[in-house]
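Notes for the one structure printed next.
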Amino acid sequence: MNRHVFKLRVLGVLMVAAVLAGFSAAVMLLWNALMPDLFGLPLLRYGQAAGLTVLCRILIGGMPFGHAAHRGFGPDGRDFARANRLREKWMNMSDEERIAFIGKEKDFRHFMRDRFSQHHRFSDDERLTKDAPPKGDCNE
């Protein structure tokens, strides 16, 4: 059993290395085909592409280690558990409770949009007066 676990771990490390090598090659080929012509950026070597692949994985995808990474959407599975709780709560609601719940969600979304969005900071009248040129006979 101990030898079997060792073989599985070695196989896992080799698989991760093969996937990293494949993604790094794809990143390098795509970068070198597109970026120099489009943006005037320098060509990437293979090691730089591997580093960029790892950096993107850390910044965008997190670092899932262990078995917790496979339980749900997030690194510890909390998002999956939350979605299940919400679904269970929704299934146990009456129609009136569902309508009230949807209304609360809409109110919250509108509050967040109005609070943090640049688009809804001013009313239309305030925007028009703020962006309009100053009135006066300067150019006449």
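The set of residues from the range 26-42 being of a type in the set (A, V, I, L, M) and out of contact with any helix residue (DSSP H, G or I) (no Cβ under 7 Å at 6 or more places or on another chain) comprises A26, L29, L30, A33, L34, M35, L38.
Of the residues making up the range 1-31, those that are closer than 24 Å to Y46 by Cα and not hydrophobic (A, V, I, L, M, F, W, C) are G12, G22, S24. Of E97, E140, all but one fail to be more than 27 Å from the chain's Cα centre (by Cα), charged (D, E, K, R) and at pLDDT 55 or above; the exception is E97.
Here is a yes/no grid of residues against (1) in the same structural domain as V13 (by TED's automatic domain parsing); (2) among the acidic types (D, E); (3) part of a loop (DSSP other than H, G, I, E, B); (4) at pLDDT below 70:
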position: P42; (1), (2), (3), (4): yes, no, yes, no
position: L55; (1), (2), (3), (4): yes, no, no, no
position: F73; (1), (2), (3), (4): no, no, yes, yes
position: R85; (1), (2), (3), (4): no, no, no, no
position: F111; (1), (2), (3), (4): no, no, no, no
position: Q118; (1), (2), (3), (4): no, no, yes, yes
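The values are calculated or read from the model by the stated rules, or taken from the named source; none is laboratory data. Because the structure is a prediction, the values reported are computed rather than measured. Because the Cβ atoms are built from the backbone with ideal geometry, glycine has one as well, and the counts that use them run over all protein chains shown.
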